[in-house]
Amino acid sequence: MSLLSVRDLTVSFPTSDGVVRAVRGLSFDVEAGQTLGIVGETGSGKSVSALSLLGLNPGADVSGSAVFEGKELLSLRPEQLREVRGAEIAMIFQDPLSSLHPYYRVGWQICEAIRTHRRASRAEAMRQAVELLRLVSIPQPERRVQAFPHELSGGMRQRAMIAMALALRPKLLIADEPTTALDATVQAQLMELLGGMQRELGMAMIVITHDLGLVATVADSVLVMYAGRGAERADYRTIFHSPHHPYTRGLLASIPGAAGSGGRLVPIVGQPPSLIRIPSGCAFHPRCPFAMDVCVRDQPAFVPVSGGEGHLSACWLPPDAVGVDPASDGARRRFVEGRRGPAIARLRSAISGARAGGGVANG
Amino acid sequence: MVDAGVPVTPARDLQPLPAPLPDAGPLLRLENVVKHFPIKRGIFFKRQVGRVQAVEGVSLEVRRGETVGLVGETGCGKSTLARCITRLHPLTAGRVVFDGVDITQLSASQLRPYRRRMQMIFQDPFGSLNPRRRVGSIIGDPLAIHGIADGPERKRQVQELMEVVGLNPEHYNRFPSEFSGGQRQRIGVARALALRPSLIVCDEPVSALDVSVQAQIINLLEDLQGEFGLTYVFIAHDLAVVEHVSDRVAVMYLGKIVEMAETAELFGSPRHPYTAALLSASMVADPEKARSSHRVVLYGDVPSPINPPSGCRFHTRCPKAQPLCSVEEPPLRVQPGDPGGHLTACHFPVAPGERLVGAEPAISAAVTEYVASSPGAEEGTP
């Protein structure tokens, strides 16, 4: 049984401009000791879905199911959820400066996390805090426990966050863009630290990122999100070498140095959609080079495709349309020929008429 | 570098610049550029108590039509150097020679004709455009300031620029807030292009953009380079992007260039231990490469540029440091066996195929020890 099993998670925010449908029926599993990478662009719903699991989205309408070790997270009372949060599921955020409290010393904040969940004297908790800071390679930890967050560098702050998250030895760590604001060499330090922790503690991780390089380095399996839904899910090799969904395929072609890219980059035209006005059918269809009439009309289901075991994709292309090579692109193109009718023609003329999309000129 | 896969919209009036003379020398030459920022204390009598040595003696030549990438981590001085090139910062010492003319000491009015020929594109497409002004006037500003075009002629030229960078000319009267990040960066590109510059300094031009949009801007910059014969100084912290766009790359650490070479040469056989560590730390979006590569993890943080280490500035974190490194600063020079354009500032350069080992025991060893010592946090474990 999976450590965490999320089914049909839906999150929306009522706003004055309309309902923002941030997550629209997302399902995924996290196995004990494994790392799931969730990849997506701004507004794909990747952070919102993680925050919703821990009840950290006040004001949102959340439905669906998220079972963690037999407990249904979405129906826990706030005080029950508080016991899970931090102790069993910990989270680290992108910006450690805004997630550490600026008024309190770093050591105090780590002690607070420990003493909320465990019976420990102040001195004992402080001793642990020093030990944890030493563990995450913060120099002079005895002094640094007395430091305020602004006195630490970005890398050190993120390490302090990791120390806090690991203080209680959680079974699941959710890392939301853990290295985005950091330099490459600091990223490498942190990922080595997290990897070591994971091996030793047998902890599972969800790494939420827009960085395909990070996913290629640390993830066991990958979930690609687009406009609040899962677009594709597979083990990391399949995602990079035999992707099925044209969005995944497009991401790989647009990143310098990615597997399967070479020479000139091929950008995805246009930009991610507004979550208030999500396109009909498959939300990716206005940007998809393989869009067919059916894509405009009907939303594809998240179904098994042939890239490998457990490979799921939400796309109307045939299940065997996987790969990143020109031959597989050719097969995709041949398939969509004859399946593009009036709906695609309307879409084309709307785009060339308005020319509003930033990338249309390049497409 | 540039291939003609997807042509940019043909420009009517924006004719390509005449091809540069083959022996016209480099477009830009930096000679020993130094930039210090004073740190002052006191209210009435501001005493200088120290200085941030942001750029410390950088020499670099940029040839016509090439793209030079500048890489380095936060605080290495790459953005300060960019601002020194365009004279947005006065230099503390050294010279900036643009197209054969020393522009270091020119007054603002003397500088103006040269400003026309060197433009900047900034990282943040939200912060670099005035939210209260319309796109047309933002892009038209350079034309107005330099008295190039007025009235309907200015509007015509601006709309042409918008078309060149892939914006809809009908959006002339819109505000920046009505555009997405990628489109705003196109506005920034159009503004930089308005005066038909020879040199564009791009300071992290794609870092703030979504992955799928990054490629649109990178391709646009490449197309424009081909069409208008532009020379780029391209600053980025994403090594894969720099590798993709640059002809040559310079690596900076704490205000100094530590290594410089043709792109393929630098990425293929880095000689400076810092370059090697930086390259090994970058995570490429290719699982086989990302997992097989031997990662050199550097420990500690970049030292403060207020008080940089003696000798080689990297010696405090260098896995190969010897006593000599803390005493004597290595010159930037061609190392034995390297091609002429490959310069490295290191006493003990990395040999081809050599594996660097981290200077301290691996973090994972510390973790193992911590778990074994088990400080009692393991309450309620089965």
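Derivation of every value follows stated rules applied to the coordinates shown; laboratory data play no part. As the structure is a prediction and not an experimental result, all values here were calculated from the model. Cβ atoms come from the backbone with ideal geometry, glycine included; neighbour counts cover every protein chain shown.
A few points about this structure:
- Under Stokes-Einstein, with the Kirkwood radius over Cα pairs as Rh, the value for the protein assembly as shown at 4 °C and 1.567 mPa s is 47 µm²/s.
- Model label sites at B:Ala108 and A:Arg339, defined 7 Å from Cα along the beta-carbon direction, differ in position by 6.3 nm.
- Rg and Dmax, both from the Cα atoms of the range A:133-249 and both in Å, are 16.2, 52.
- Taken residue by residue and averaged, Cβ atoms of other chains lying within 10 Å of the Cβ of B:297-307 number 4.
- Model label points for A:Leu97 and B:Asn307, set 7 angstrom from Cα along the Cα-to-Cβ axis, are 2.3 nm apart.
- Distance between the 7 Å Cα→Cβ label points at A:Thr15 and A:Thr180: 1.6 nm.
- Only the Cβ atoms of Lys and Arg (+1) and of Asp and Glu (-1) were treated as charged; on that basis the dipole of the range B:61-117 about its Cα centre amounts to roughly 280 debye.
- Average Cα contact separation per residue, the range A:20-150, under 8 Å, 6 or more apart, as relative contact order %: 17 percent
- Between A:Glu124 and A:Ser5, the C-beta separation translates, for a Förster distance of 41 Å, into a calculated FRET efficiency of about 0.70.
- As a ratio to 2.2 N^0.38 Å, the alpha-carbon radius of gyration for the range B:103-218 is 1.06.
- Prolate/oblate/rounded call for chain A, Cα gyration tensor, a/c under 1.5 rounded: prolate
- Compactness of the range B:256-367 is given as radius of gyration and Dmax, 14.5, 45 Å, from Cα positions.
- For peptide A:122-131, the mean count of partner chain Cβ atoms within 10 Å of a residue's Cβ comes to 1.
- In a fully extended conformation the segment linking B:Arg174 and B:Phe126 would gain 15.8 nm over its present Cα-Cα distance, using 0.36 nm per residue.
- Mean-square fluctuations from a GNM of chain A, with a 10 angstrom spring cutoff on Cα atoms, peak among A:Met225, A:Met191, A:Met205 at A:Met191.
- FRET efficiency, 1/(1 + (r/R0)^6) with R0 22 Å, evaluated for B:Phe37 and A:Arg143 via beta carbons: 0.20
- Per DSSP, loop trypsin sites (Lys or Arg not before Pro) in the range A:92-135 with at most 15 further Cβ within 10 Å: A:Arg119
- What separates the Cα centres of the range B:59-118 and the range A:1-80 is a distance of 49 Å.
- Peptide A:243-256 shows a mean partner chain C-beta count of 3 within 10 Å per residue C-beta.
- Rounded Å value of the spacing that divides the Cα centres of the range A:97-154 and the range B:315-356: 38 Å
- Projected onto its three principal axes, the C-alpha set of the range B:28-246 covers 54, 39, 38 Å, listed from the longest axis down.
- Residues B:Tyr299, A:Tyr103, A:Tyr236, A:Tyr247 arranged by fewest to most Cβ contacts within 10 Å: A:Tyr103, B:Tyr299, A:Tyr236, A:Tyr247
- Temperature 37 °C, viscosity 0.692 mPa s: under these conditions the Stokes-Einstein estimate for the range A:262-362, based on its Kirkwood radius over C-alpha pairs, is 220 µm² per second.
- Convex hull of alpha carbon positions in the range B:85-163: directionally averaged projected area 6.8 nm².
- From its DSSP helices (H runs of at least four residues, each -39,500 (n - 2.57)), chain A gives a residue-normalised ellipticity at 222 nm of -10500 deg cm²/dmol.
- Neighbours of A:Phe93, meaning other residues whose beta-carbon lies under 10 angstrom from its beta-carbon, give a summed charge of -3 when Lys and Arg score +1 and Asp and Glu score -1.
- Diffusion coefficient (Stokes-Einstein, Kirkwood radius over C-alpha pairs, 20 °C, 1.002 mPa s) for chain B: 93 µm²/s, rounded to a whole number.
- Reachable lysines from A:Lys46, criterion Cα separation under 29 angstrom, eight or more residues apart if same chain: A:Lys71, A:Lys171, B:Lys289
- Taking a ≥ b ≥ c as the square roots of the eigenvalues of the alpha-carbon gyration tensor, the range A:95-169 is classed prolate because a/c is 1.5 or more and a/b outweighs b/c.
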